[in-house]
Amino acid sequence: MSAVLDTVLDAAAAVCLVVGALMSLAAAIGLVRFPDLLTRMHAGTKPQVFGLLLMLTAVALENRDPVMIPLIVLGWIFQLLTVPVSAHMVGRSTYRSKHLNRNTLTQDDLQEVLNRAGKSATESAMERATESAGESHGEDAAGSAAGDAAGRAAAGTPAPSADGRRADGQQTDGSAGTR
């Protein structure tokens, strides 16, 4: 290769390395400075993935070995596939556990979906309880399992799991167990 091409590739690698490092630094500062988990998650994913792409590009430009290109591309593709999925799962668990600041949300599309899902689950539980109570012929519906399910559905209390706990962690047998 010519000396001019080497100089241009070295300069491009240096620029990619510096900009990639700055993007990673911006991600780190955002993780420390942003107020809640959702904004921190955004800061930790978006600039970090782009910073990694630039740093891997700098490595490829500086190495100049064609064997390295598939390895670098593979590393970047894995990063592109795993970071958004993990960020989505963290955001979803944060939302569902209500560990977020609703004042910082500009648009909340998930709340409407959860309200509809909860409403349809309550209605279907009531229908099942009504059908079961109608089939029991003379059995007191309030004391039956169907009556209990209908009462839980109407009160918004989740059904207990197999270990005797409700979804909110409360014991159903009156003991003071913790999850």
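Below is a table of values for the structure above.
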{"read-out": "Efficiency of FRET between Val90 and Asn115 - r from beta-carbon atoms, R0 25 angstrom, step 0.05", "value": "0.65"}
{"read-out": "Only Lys, Arg (+1) and Asp, Glu (-1) charged, at Cβ; the range 1-128 dipole about Cα centre in debye", "value": "600"}
{"read-out": "Inter-site label distance for Leu105 and Ile69 at 7 Å from Cα along Cβ, in nm", "value": "4.6"}
{"read-out": "Loop chymotrypsin sites (Phe, Trp or Tyr not before Pro), the range 54-130 (other Cβ atoms within 10 Å of the site Cβ: 15 or fewer; DSSP)", "value": "none"}
{"read-out": "Lys46 accessible area, 1.4 Å probe, all protein chains in place, Å² to nearest 10", "value": "130"}
{"read-out": "Computed Kirkwood radius, in angstrom, where 1/r is averaged over Cα pairs of the range 39-78", "value": "10.9"}
{"read-out": "Label-point separation, Thr130 to Ile77 (7 Å along Cα→Cβ), nm", "value": "5.4"}
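The values are calculated or read from the model by the stated rules, or taken from the named source; none is laboratory data. Source: prediction; values computed, not measured. Cβ sites come from the backbone with ideal geometry, for glycine too, and all protein chains shown count toward neighbours. Calculation scope for accessible area: heavy atoms of the full protein, side chains included, ligands and nucleic acids excluded. Shrake-Rupley method; radii C 1.70, N 1.55, O 1.52, S 1.80 Å.
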